1. For residues that are touching a residue at least 60 places away in the same chain (Cβ under 8 Å) and touching a Phe, Trp or Tyr at 6+ places or on another chain (Cβ under 9 Å), scanning just segment 155-173, find the one that is farthest from Glu10 (Cα to Cα).
2. Looking at this structure, is Ala168 in the same structural domain as Met12 (by TED's automatic domain parsing), small (Gly, Ala, Ser), crowded, with 18+ Cβ neighbours inside 10 Å and in a helix (DSSP H, G or I)?
3. Pick out the one residue from Leu74, Leu19 that is among the aliphatic types (A, V, I, L, M) and within 28 Å of Val127 (Cβ to Cβ).
4. If you go through segment 101-113, how many residues are touching a residue at least 40 places away in the same chain (Cβ under 8 Å) and within 22 Å of Val58 (Cβ to Cβ)?
5. Can you confirm whether Asp111 is surrounded by fewer than 19 Cβ atoms within 10 Å (Cβ to Cβ) and part of a loop (DSSP other than H, G, I, E, B)?
6. I'd like to know if segment 143-150 contains one or more residues that are closer than 17 Å to Ala9 by Cβ and either in the same structural domain as His18 (by TED's automatic domain parsing) or of a type in the set (Ser, Thr, Tyr) (or both).
7. Please indicate, with yes or no, whether at least one residue in segment 12-32 is of a type outside the set (Lys, Arg), exposed (fewer than 15 other Cβ atoms within 10 Å of the Cβ), more than 30 Å from Thr106 (Cα to Cα) and without any contact (Cβ under 8 Å) to a residue 24 or more places away in the chain.
8. For segment 114-129, name all the residues that are of a type in the set (Val, Ile, Thr) and without any contact (Cβ under 8 Å) to a residue 40 or more places away in the chain.
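The values are calculated or read from the model by the stated rules, or taken from the named source; none is laboratory data. This structure is a prediction, so every number in the text was calculated from the model and none was measured. Heads up, the Cβs are rebuilt from the backbone with ideal geometry, glycines too, and the neighbour counts pull from every protein chain shown.
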Amino acid sequence: MDDRLTDAAEKMAKAVEHLRDEFGAVRTGRATPALVEKLRVEAYGSEVPMQQVAGFSVPEPRVLVISPYDKANLKPIEKAIAHSDLGVNPSNDGQVVRITFPELTTERRKDLVKVVKAKAEDAKVAVRNVRRHARQEFEHQAKDGEISDDDLARVEKELEKLTHDVVAEIDRVLDHKEKELLEV
């Protein structure tokens, strides 16, 4: 019973960690490798994450420089960035790809807030799905006589508290990202 509760807690923690990763890829007007490192690049006959074919540097707050390990990957990297939802135009000087991030407009900031709220809601849904699945397992155990009704009530209460705590953590992460996006 405790193993299933621990398993549910780990899955919920992974949902929060995934949300943090997703938020790292949402642009705040500052250049960061997290914005592009997971983009898929057509290289060597297959699609690979950009971080496997290039290095990154941030020489200025709004400039990201991508240095491919193999110069043959310059065009595919440029293409991957151009086709992403970043809304930026990469420039290629034959050695590196440069991305200059424009200052975010108020309208764009509000759009990004909507995006992060949707991602946070997806994380909450994932957490609730973990709770539902764990609850079904516990109810099945109670039905089979493996655990008592008192144990079922106790574990459901613990599961509910765990879910509430994780949803509160998601809300804290969302509030932080929202403030970061709206800060001028």
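1. Here is the first cut: in segment 155-173, the ones touching a residue at least 60 places away in the same chain (Cβ under 8 Å) are 155, 158-159, 162-163, 166, 169-170, 173.
If we keep only those that are touching a Phe, Trp or Tyr at 6+ places or on another chain (Cβ under 9 Å) too, we end up with 155, 159, 173.
Working: Val155: 16, Leu159: 12, Val173: 18 Å.
Checked segment 155-173; the qualifying residue farthest from Glu10 (Cα to Cα) is Val173.
2. On the way: in the same structural domain as Met12 (by TED's automatic domain parsing): yes; small (Gly, Ala, Ser): yes; crowded, with 18+ Cβ neighbours inside 10 Å: no; in a helix (DSSP H, G or I): yes.
In short, no.
3. Working: Leu74 fails: within 28 Å of Val127 (Cβ to Cβ).
Residue meeting the stated conditions: Leu19.
4. Total satisfying the criteria: 6.
5. Values: surrounded by fewer than 19 Cβ atoms within 10 Å (Cβ to Cβ): yes; part of a loop (DSSP other than H, G, I, E, B): no.
Here the answer is no, as Asp111 does not meet what is asked.
6. Of segment 143-150, the ones closer than 17 Å to Ala9 by Cβ are none.
There is no residue in segment 143-150 that is closer than 17 Å to Ala9 by Cβ and either in the same structural domain as His18 (by TED's automatic domain parsing) or of a type in the set (Ser, Thr, Tyr) (or both).
7. No, segment 12-32 has no match at all.
8. Residues of segment 114-129 of a type in the set (Val, Ile, Thr): 115-116, 125, 127.
Residue satisfying the conditions is Val125 alone.
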